[in-house]
Each structure stands twice: as C-alpha cells, then as structure tokens.
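K.L.:
Submitted below is the structure of interest, expressed as structure tokens.
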Amino acid sequence: MKEIVLITGASGAIARVLSKKLENQYSIRFLTRKKEAENEFEWDLENQIVDENAFENVNHIIHLAGANISEKRWTEDRKKSSFQVV
C-alpha cells in the first residue's frame, strides 16, 4: 500500500508539478477551496472549516497554500495576511 501525501495549495503550479512527480510512489490528496475530484478535500479558511477526512492515514503533508505573490504588490501588510494560522 502506498504512503499518503496531503498537499495544500492544489491549484498552484508547484503543487501540480510536484503531485505528478510523486503520484507513482505515493497516493496523493489535496486540500483545496473547490473540491472537484475524489482525492480533493475542502478547506475554507474564512469559515475555519476543513474536511478532517483529508488527514485520515496521512503519512506526509506538503503545505504550499498561500497568497499568490504575482497577483499584486507584495507589501508588509500582505505578507502578514498571507501567513495567518487558523
């Protein structure tokens, strides 16, 4: 049985490339804002909700979620809001 890797930030470029590289050796799951596939689990930061089923039997977590730094100016205020812990 493959070990399970949970990746946050599923829609990002790094998560997409990394998951393709890992999928032969690991079972991949994603925490995402919009669940679209069987291996995706919803995560709503604003309402502090996470599908706890995503963590069942997980061996590794790769946290790539955060603000898109190319979206707009990377100010001190934006940096602080990008790293909120829920």
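The values are calculated or read from the model by the stated rules, or taken from the named source; none is laboratory data. Predicted model, so just to flag it, every value in this text is computed and none were measured. Heads up, the Cβs are rebuilt from the backbone with ideal geometry, glycines too, and the neighbour counts pull from every protein chain shown. Accessible surface is based on the protein model in full, side chains and every heavy atom, while ligands, DNA and RNA are left aside. Shrake-Rupley method; radii C 1.70, N 1.55, O 1.52, S 1.80 Å.
K.L.:
Keeping to the range 17-38, report how many residues are open to solvent by less than 80 Å² (accessible area, probe 1.4 Å) and out of contact with any Ser or Thr (no Cβ under 8 Å at 6 or more places or on another chain).
P.N.:
The number of residues fulfilling the criteria is 7.
K.L.:
For the range 40-50, enumerate the residues that are touching a residue at least 12 places away in the same chain (Cβ under 8 Å), assigned to a loop (DSSP other than H, G, I, E, B) and open to solvent by less than 100 Å² (accessible area, probe 1.4 Å).
P.N.:
L45
K.L.:
Yes or no: the range 57-65 includes at least one residue that is modelled with pLDDT under 80 and open to solvent by 100 Å² or more (accessible area, probe 1.4 Å).
P.N.:
no
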